[in-house]
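The values are calculated or read from the model by the stated rules, or taken from the named source; none is laboratory data. The model shown is predicted, which means the values in this text are computed figures rather than measured ones. A quick note on method: Cβ atoms are made from the backbone with ideal geometry, for glycine too, and the neighbour counts reach across all protein chains shown. Please note that ligands, DNA and RNA were not included when accessible areas were found on the heavy atoms of the full protein model with its side chains. Shrake-Rupley method; radii C 1.70, N 1.55, O 1.52, S 1.80 Å.
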Amino acid sequence: MDTSLVRKYNIPGPRYTSYPTVPYWDEHSFSVDRWKESVCRSFRESNEREGISVYIHLPYCEQLCTFCACHKRITRQHSVERPYVDAVLEEWRSYLALLGEPPVIRELHLGGGTPTFFSPDHLRYLLENLFSLSRIAAQPEFSFEGHPNNTTYDHLKTLYDLGFRRVSFGVQDYEPKVQQTINRIQPFEKVKAVTDVARSLGYQSVSHDLIFGLPFQTWDSMARTIEKTNSLKPDRIAFYSYAHVPWIKGVGQRGFEESDLPSPDEKRALYENGKRMLEDSGYIEIGMDHFSLPSDSLYASMKQKTIHRNFMGYSSSSTQLMIGLGMSAISDSWYAFAQNHKSVETYLQQVGQGILPLFRGHVLDGEDLVVRRHILNLMCLLETNWESPEMALPQLPGILARVVEMEKDGLIETGDKFVRVTEKGRNFVRNIAMAWDLRMIRQEPQTRIFSMTV
Ligand SMILES: C[S@@+](CC[C@H](N)C(=O)[O-])C[C@H]1O[C@@H](n2cnc3c(N)ncnc32)[C@H](O)[C@@H]1O
Ligand code: SF4
């Protein structure tokens, strides 16, 4: 790996789980009424054709992992479960009243925090009530995030019986020193046990999350983690770049010094080595940060160009409308985004008052919708084109001027009406997408928002 390229392109940048990215949402474009209108429009256009997606954010965790950048609330009090589940159902009922007829749920994802903090009984209660007011698509895609330390047989069986066939386990790293530093002691045997149980129950896709760039990781330790991961052969692997964002309030990244983190060059080498080991074992790199066995649907979706990227990362399919429930959840009607309050208390209070617990959002204009497609193409398919007139943008000359240097560096190939990311450019796809990010380019650079791109 060319370290001079790492130095040149390692700048703060978005991960493009949406466009516009959240810090560049235009609050003035948004109102709850406009949000509701866009949800109804999207629902009318897409419910019968493809159904909708539901994301449920379940924020509680028993213990803080000191690397974590997710929206979570740490508590050991399980009495919080029932009031939270009731609030999510209340929020769902507000959406049902708005939609007017039962939605067809095709995709459902439980994220967190830690969904498996909740008891299997509370999860069943939540989902049975959610389903009783909806229709379920013929081939549903239901998935959840499980913490290996507290995912039980009963969790896996209960969710399997409710239609879940996909689970991702947070693994992060197996090295004792790294685990101690990130306050997450999690033996290999635990991960093996939950992976085996999921498979024996019939889960079709088991995914493991790993992170490179954590404190005290070395080439050797990373190789040991990848070897252990390979021995369990998860169908998918998310190999995330550690996002170090301690300046964001409430994240709780502490317990180690900046100097304990690998340098940018070392961090990239960790990735390169890990990638080589995974590819040698039959994994195929998908988009950015993800690997899949050829038998998994994520690989097929990349081949068929149906792969999608959203706030949860890559997915093998998508719907036009995604309703996010729970504290901090983001909803996407394709025409607009909306985010719920990030404080559990405010969320519960607003739902209790019968109002949608939204605190910000963005309504996409015509330009946003085109840029959004280009950025999705780049992040998912590593190429984009403007052969059809609806993909043309008046700003294309400026965009292409911004990628000239990247072409010289061999990160992209350009043609008359396309840009394609090269193998060398894969690591810099966030930088390449930034050339299309017209909202960011128009505003003053705000450097302390994003993690580094490499
Ligand atoms: C909500 S958590 C996973 C579910 C469960 N809470 C657990 O820890 O197993 C989702 C994933 O986000 C990733 N993640 C969290 N903070 C991160 C950070 N700062 N940088 C990179 N990835 C991060 C981790 O890999 C984690 O498994
Ligand atoms: S990594 Fe998972 S368990 Fe740990 S604090 Fe974050 S959300 Fe909670």
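Checking the table Lys177/Lys233; Lys190/Lys424; Lys157/Lys342; Lys8/Lys417; Lys190/Lys305; Lys192/Lys342 against a 29 Å threshold on Cα-Cα, which pairs fail?
Going by Cα-Cα distance, Lys190/Lys424; Lys157/Lys342; Lys190/Lys305; Lys192/Lys342 fall outside the 29 Å limit.
Roughly what would the spin-label model give for Lys342 and Arg442, points 7 Å off Cα along C-beta, in nm?
Roughly 2.4 nm, to one decimal.
Once the Cα gyration tensor of the range 99-218 is found, what semi-axes does its equivalent ellipsoid get, as square roots of 5 times the eigenvalues, in whole Å, sorted largest first?
Values: eigenvalues 188, 41, 32 Å².
In descending order the semi-axes read 31, 14, 13 Å.
As a test of the definition: which semi-axes, in Å, follow for the range 240-382 when you take the square root of five times each eigenvalue of its alpha carbon gyration tensor? Largest first, please. Present the calculation step by step, with values, prior to reporting the outcome.
Values: eigenvalues 196, 122, 40 Å².
Equivalent ellipsoid semi-axes, largest first: 31, 25, 14 Å.
Compute the Rg/Rh shape ratio of the range 23-88: radius of gyration over Kirkwood radius, all on alpha-carbon atoms.
Ratio of gyration radius to Kirkwood radius: 1.11.
Based solely on C-alpha atoms, express the radius of gyration and the Dmax of the range 372-420 in angstrom.
10.4, 30
How large is the Rg to Rh ratio of the range 245-293 when both quantities use alpha carbon positions and Rh follows Kirkwood?
On the way: Rg = 14.8 Å, Rh = 13.2 Å.
Rg/Rh: 1.13.
Quick one: net charge around Gly324, please, counting Lys, Arg +1 and Asp, Glu -1 for every other residue with C-beta under 10 Å from its C-beta.
The answer is -2.
Please express the shape of the chain as an equivalent ellipsoid: the semi-axes are the square roots of 5 times the eigenvalues of the C-alpha gyration tensor, given largest first in whole angstrom.
Value: 31, 29, 21 Å, ordered largest first.
Heavy-atom accessible area per residue, the chain, 1.4 Å probe: how many Å²?
So the chain comes to 41 Å² accessible per residue, rounded to a whole number.
Are there DSSP H segments in the chain that both extend 15 Å or more along their axis (alpha-carbon positions) and score a mean Kyte-Doolittle hydropathy of at least -1.0? List them, or say none.
81-99, 120-132, 188-201, 219-232, 366-381, 396-408
When a/c reaches 1.5 or more, the comparison of a/b and b/c decides; with that in mind, is the range 1-152 rounded, prolate or oblate per its Cα gyration tensor?
Since a/c reaches 1.5 but b/c is at least a/b, the shape of the range 1-152 is classed as oblate.
Send over the Kirkwood Rh of the range 382-453, from the inverse of the averaged 1/r over different Cα pairs, rounded to one decimal Å.
Kirkwood radius, the range 382-453: 13.1 Å.
Let me know the charge dipole size of the chain about its Cα centre in debye, to the nearest 20, where only the beta-carbon of Lys, Arg (+1) and Asp, Glu (-1) is charged.
On the way: 51 positive and 56 negative charges, 55 e Å.
The calculated dipole for the chain is roughly 260 debye.
Using Stokes-Einstein with the Kirkwood hydrodynamic radius over Cα pairs, what translational diffusion coefficient do you get for the range 157-269 at 25 °C and a viscosity of 0.890 mPa s, in µm²/s rounded to a whole number?
160 µm²/s
Using a simple charge model, +1 on the beta-carbon of Lys and Arg, -1 on the beta-carbon of Asp and Glu, nothing else, what dipole does the range 123-202 show about its Cα centre, in debye to the nearest 20?
60 debye
Give or take rounding to whole Å, what are the principal axis extents of the alpha carbon atoms in the range 216-266, in descending order?
Taking max minus min along each principal axis of the Cα atoms, the range 216-266 gives 37, 22, 19 Å.
On each of the three principal axes of the Cα atoms of the range 68-154, give max minus min coordinate, whole Å, ordered largest first.
38, 27, 27
Let me see the pair-distance distribution of the range 149-222: every alpha carbon pair, 10 Å bin width, integer percents in order.
Here the calculated profile for the range 149-222 is 19, 45, 25, 11, 0.
What number, rounded to the nearest 500 deg cm²/dmol, is the helix-based mean residue ellipticity at 222 nm of the chain, given -39500 (n - 2.57) per DSSP H run of at least four residues and division by all its residues?
On the way: 15 runs with 174 residues, N = 454.
One gets -12000 deg cm²/dmol as the mean residue ellipticity at 222 nm.
Positive end of the charge dipole of the chain (Lys, Arg +1 and Asp, Glu -1 on Cβ, about the Cα centre): tell me which of Phe142, Trp334, Gly410 has its Cα farthest that way.
Phe142
Top to bottom by accessible area (1.4 Å), largest first, where do Glu407, Glu48 land? Mind dumping the intermediate values first?
Details: Glu407 75, Glu48 130 Å².
From most exposed to least exposed: Glu48, Glu407.
Using Cα-Cα distances under 8 Å and only pairs 6 or more residues apart, what relative contact order does the chain have, in percent? Don't jump to the answer; show the numbers that get you there.
Working: 804 pairs, mean separation 96.4, N = 454.
That works out to 21 percent.
When only alpha-carbon atoms count, how far does the range 320-403 stretch along each of its three principal axes, as whole angstroms with the largest first?
Here the spans come out as 50, 23, 22 Å, largest first.
Taking only the C-alpha atoms, wrap a convex hull around the range 327-372 and report its volume per residue in Å³ as a whole number.
Cα-based convex hull of the range 327-372, divided per residue, equals 61 Å³.
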